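Colleague: Here it is, the structure in full.
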Amino acid sequence: MTQESWMEGTLAAPLLGAVLALIAGRSAASAIGILTALVGSAASIGLAFAVSRGGSFRYAVGGWGAPLGIDLRVDALAAVMLAMTGVVGLCISVYAVGYFRGKEAEAASSRTNTGPAWLFWPMWLMLWGGMNALYLSGDLFNIYVALEVVGISGIGLIALAGGSAIAAALRYLLLGLAGSLLYIVGVELLYAGYATLDLEQLRQRIDAQPSTWLAAALMTAGLLAKSALFPLHFWLPPAHGHALAPVSAALSALVVKTGFYLLVRLWLDVFAALGTEHVTTFLGALGAAAVLWGGVQALQQERLKMMVAYSTVAQIGYLFMLFPLASMSGSLTGALLLAVSHAMSKAALFMCAGSVLAVYGHDRIQSLQGFGALMPMTAAAFALSSISLIGLPPSGGFAGKWMLLSAALAGGAWWWAAIIVLGGLLTAAYLLRVLAFAFLEPVVASSTRAPRAMELTSLILAGMAIAMNFALLPLHDLLHAGGAR
Amino acid sequence: MSGDTLVLDLVLAGLLVFLAWRLLTLSDLFKATVLFIVFGVLLSLAWVRLNAPDVALAEAAIGAGVTGALVLDALRRLDARGPADEAQPLRLNLPRLVGALLVMGLGAFLLWSVLSLPPGWRGLSSETAAAMPRSGVVNPVTASLLNFRGYDTLLEIAVLMLAVLGVWTLNAEPMPPAEPAGPILDVLVKALLPPMVVVAGYLLWAGGHAPGGAFQGAAVLAAGGILLHLARPFNVANRGVVRLVIGFGFAVFLLVGLTLATLGGRFLELPERHAGILILMIETAAMISIALTFVVLFVGNARDNAGRDTS
Amino acid sequence: MGPSEWLSMVMVSVGVFFFIAGSVGLIRLPDVLTRLHALTKADNVGLGFIVLGLSLQAGSLLELMKLLLLWPLALLASSCACYLVAEATLLQSRRGPGARRHVR
Amino acid sequence: MTEFMFLMAAAVLGSVALGLWRVVRGPTRADAMMAAQLVGSGGVAVLLLLSHAMGRAHLVDVALVVVLLAAMVSVAFVRRLGPVRGDDGTE
């Protein structure tokens, strides 16, 4: 298969699956969902291999070519994000099958209606399709549309939980709309200035006009809000904390990365000619603040899901430390490795929280004493994800943080290094607190068990987060071959 | 802006600003709703004056019409909850002042950057003009939406589809029963439905060479559905047929794109010879789906029994 | 300018006059029903004159047809709508102030 | 002729603006509905006049859409929000 056909598969599979799942309805939605997830993740992994062999390429959708048409741009950076989405997306899909089957059984025993739970499938596949479209795109307006697809499906998914999640979904909607508005105004300004929407053409034409700076500022503000970087993170914990477990996993592990990815594209590539040192320092400082603030907040949470959600606030901060360190060799590899292993371990953590909820009926950390004995697989998954999130060796989180740390020290920027270490300690504090409860004597004997599919997928994901330790060299080679910057 | 049009443009612009201000400051939601609809109609006139008749059509149909009906419906639901807290009139405090100043600064800057565009700024219009003969249609807006940047439109249709899914996830409370429709309302509905369908079809067809197209046609078609629902309420729950029609437009668009890719072209690369007919096909499917989408958004997901929380 | 132009301008002027008269009526008249009366005049007659005046200048048969389709539609819509508003108003005043329509 | 049509359009717009006074003033909901209707037909009139003055025949299509949508909105007004408050000035 050619690079192009892998790409077409990556782009189209989730979109097609989404509409088929919608048409098929309750009876066949989950089967279509799993099938789509298999095809979609295979396509994105195939694409990553194709890029590592053949290098980056462009693809003119509709055959018109930029600036009139829309060009896709597939390079190593995009390929890594797509593969990450594929792998984690597949696991989330498998988990969701078990999760909703468990919900149905529960509903059948208590004779209530599960309601429109099957709508998860079309919305989740559309979310996946939107993220793929976003990573593939090389066109500012097309990215806007993809952002909308991601945002609107995310809102629907959060609202699936009903109850207090509706308010969180509404807040997410308003914030998302505000972010989109800022972004699109920036896009209009750039189009007015350079008569193109194509990222590559824009990079070549850009100069330091006042309107270009305004456009950059507006787009950055919008994207920061969407990626929930401190201090624009306030919407994230309620949204991610109240959603259903597979939804939380998808949002926290994957969706928040889209904003980060776009900011990397913009500031480290398109806007690079503007002379961006103070901007990248600013972004890094926000990231550092997020690491500390999110960590402290996570420590104080009493509900497991809220704690995991605040942990996302902190971990996003790490990714943004890439910006000030970008000129150091290895920093991009490190940040990407961190992003990928965070996606895996964070999805696993939310899955664990979902399994715990299914068994205990609540997720108050204080009352989870001994869940390690009741649910050994889940506890193991929790422990492995924690290792990676904290950054203990060997794990993807360790390798990523190590790369960033050595980049910081090589550049003599010891303060970034200090933040990285301090953040790791905070992460250790809030995760070990939960683990400590896990291995106490159980106080309640529960007969309910989480569906095997749920516990197993979280363990697999957590294992992968550990295994990412050994992905350092392949990733480095891929970035080299695929010509991301 | 020549002398001929100066008076008109000034009145229009002045009215728009006045309306926007009143809309935000009125404490009566009902009046604000009325002004919102008025604002939509006048905004559509403004688009006409800016030589963007396609946008004017969309604004009149969706911005004023369908959205207006949606807001009215929401207002009724608020009413039915009993005496709602009247919205507080907007008072100026420090954060609002800062916000207002920021927005005004941004507005001033935008104005400045528009004015500082090089004279005769044409964007991509020469590229568009050069490609028009190969696009299969004559209206450059339709060519952009369905051919040059058809991929964007595909994803936009996905967003509309997602809106329906979002409505279905919510269990709205059922609408309080309305008075039965009187004879005059029946006459109106019977008399308006056929022209609405005809006009929708006409707009769809006209889109190839004049302002119009799937979105505008769909809005008019949806207005017919909403009118019918207002007179004789019906339910469009998520049943098989409804779901099929909702997904139809997106599915056709996507499958056309994929078929073309497997036949040796690129994704959504419409062959020059068949572009016109393919665009019409895609637009027809899209119009039907979008029209039903609007109707579902209006009718909502009222269940037969009282809305139950299904979390 | 030929006679058809002059006729157009006169008819359009009359139409605009009715619009202004309608708005003045909307402001000045004392109660809902009389205001409704004034408004319907503006809607129907004003728009009618404008349509007639412009149809003298129509460039094509299609345009003429659309213009002549437009007025009856507007007439029908606004007359029915006014009837409905009046009916609702009367129902409301019979039930007394403060009553909600959906409460039976 | 063109200038005349632009002026007439401005006059219709002005009369619509006068009508808006009723929306803001009230006192009944019926008044506000009426004013919205006035904007519908006023908008149509302006569009037709502009169609002639700007030499763009297809603006008649926009007017056609406004007529149909305004009818739908008027019905929505009455069916969803018949005058809930007392008439004749009691608010």
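Rule-based calculations on the coordinates, nothing more; no lab input. Note that this is a predicted model, so its numbers are computed, not measured. Please note: Cβ atoms are built from the backbone with ideal geometry, for glycine as well, and neighbour counts cover all protein chains shown.
Colleague: Under a Cβ-Cβ cut-off of 15 Å, what is the net charge of the residues other than A:S27 that fall near it, where Lys and Arg count +1 and Asp and Glu count -1?
Modeller: +3
Colleague: Tell me the label-point distance for the pair C:L68, B:L110, using the 7 Å Cα-to-Cβ offset, in nm and rounded to one decimal.
Modeller: So the label points at C:L68 and B:L110 sit 4.5 nm apart.
Colleague: Moving on. Given an 8 Å cut-off on Cα distances and at least 6 residues of separation, report the relative contact order of chain D as a percent.
Modeller: 36 percent
Colleague: Tabulate in residue order the Karplus-calculated ³J(HN,Hα) for the stretch B:150-156, using 6.51 cos²θ - 1.76 cosθ + 1.60 with θ = phi - 60°, rounded to whole Hz; enter x for Gly and Pro.
Modeller: Each residue's phi maps through the Karplus curve to give x, 4, 4, 5, 4, 5, 4 Hz.
Colleague: Under a crude label model (7 Å from the Cα following the beta-carbon direction), how far is B:D4 from A:S5 in nanometres?
Modeller: Label at B:D4, label at A:S5, 5.9 nm between them.
Colleague: Given a Förster distance of 25 angstrom, what is the FRET efficiency for B:E179 paired with C:T34, based on the Cβ-Cβ distance and rounded to 0.05?
Modeller: Taking R0 as 25 Å, the efficiency between B:E179 and C:T34 is 0.55.
Colleague: Working only with C-alpha atoms, what are the Rg and Dmax values of chain B, expressed in angstrom?
Modeller: Computed over the Cα atoms of chain B, radius of gyration and Dmax are 22.3, 63 Å.
Colleague: So which lysines can A:K257 reach, going by Cα to Cα under 24 Å and dropping same-chain residues fewer than 8 places off?
Modeller: A:K226, A:K305, A:K346, A:K401
Colleague: Shape call for the stretch C:3-95 from the C-alpha gyration tensor, a ≥ b ≥ c root eigenvalues: rounded (a/c under 1.5), prolate (a/b greater than b/c) or oblate?
Modeller: Judged from the Cα gyration tensor, the stretch C:3-95 comes out oblate (a/c at least 1.5, b/c at or above a/b).
Colleague: When the expected Rg is taken as 2.2 N^0.38 Å, what fraction or multiple of it is the alpha-carbon Rg of chain A?
Modeller: Rounded to two decimals, the normalised Rg is 0.92.
Colleague: Let me ask something else about it. Please say if the stretch D:2-81 is rounded, prolate or oblate, where rounded means a/c under 1.5 for a ≥ b ≥ c the square roots of the C-alpha gyration tensor eigenvalues, and otherwise the choice is prolate for a/b larger than b/c and oblate otherwise?
Modeller: oblate
Colleague: Determine the distance separating the Cα centre of the stretch B:225-240 from the Cα centre of the stretch A:264-309; give it in Å without decimals.
Modeller: Going from one Cα centre to the other spans 47 Å.
Colleague: Further question on the same structure: For the stretch A:1-74 and the stretch D:60-81, write down the distance between their C-alpha centroids in whole Å.
Modeller: So the separation of the two Cα centres works out to 42 Å.
Colleague: So what is the 222 nm mean residue ellipticity for chain C from helices alone, if each DSSP H run of at least 4 adds -39500 (n - 2.57) and you divide by all residues, rounding to the nearest 500 deg cm²/dmol?
Modeller: One gets -26500 deg cm²/dmol as the mean residue ellipticity at 222 nm.
Colleague: At R0 = 60 Å, how high is the FRET efficiency between A:R452 and B:M281 if r is their beta carbon distance? Nearest 0.05 is fine.
Modeller: 0.80
Colleague: Work out the P(r) tail for the stretch A:348-432: percent of alpha carbon pairs separated by more than 17 Å, whole number.
Modeller: Here the long-distance tail beyond 17 Å is 54 percent of all Cα pairs in the stretch A:348-432.
Colleague: Same structure again: Estimate the FRET efficiency between B:S125 and C:E5 by the formula 1/(1 + (r/R0)^6), using the beta-carbon distance for r and 45 Å for R0, to the nearest 0.05.
Modeller: 0.85
Colleague: Add +1 for every Lys or Arg and -1 for every Asp or Glu among the other residues with Cβ under 13 Å from the Cβ of B:L72, and state the total.
Modeller: Result for the neighbourhood of B:L72: +4.
Colleague: Please state the shape class of the stretch A:225-294: rounded when a/c is under 1.5, otherwise prolate if a/b exceeds b/c and oblate if not, all from the C-alpha gyration tensor.
Modeller: Note, shape of the stretch A:225-294 comes out oblate.
Colleague: Moving on to the next point. If we count every other residue with Cβ under 11 angstrom of D:M54's Cβ, Lys/Arg +1 and Asp/Glu -1, where does the sum land?
Modeller: +1
Colleague: With bins 10 Å wide starting at 0, give me the P(r) of the protein assembly as shown over every alpha carbon pair, in whole percents.
Modeller: 2, 11, 19, 22, 20, 14, 8, 3, 1, 0, 0
Colleague: If each DSSP helix of 4+ residues adds -39,500 (n - 2.57) and the sum is divided by the residues in chain B, what number results at 222 nm, nearest 500 deg cm²/dmol?
Modeller: That calculation yields -22500 deg cm²/dmol at 222 nm.
Colleague: With the calculation restricted to Cα positions, what are the radius of gyration and Dmax of the stretch B:1-90 in angstrom?
Modeller: Over the stretch B:1-90's Cα set, Rg and Dmax evaluate to 15.4, 52 Å.
Colleague: Right, another one. If each DSSP helix of 4+ residues adds -39,500 (n - 2.57) and the sum is divided by the residues in chain A, what number results at 222 nm, nearest 500 deg cm²/dmol?
Modeller: Taking each H run of at least 4 residues, the total per residue is -25000 deg cm²/dmol.
Colleague: Next up: Given the C-alpha centroids of the stretch A:317-347 and the stretch B:87-147, what is the distance between them in whole angstrom?
Modeller: The stretch A:317-347 and the stretch B:87-147 have Cα centres spaced 35 Å from each other.
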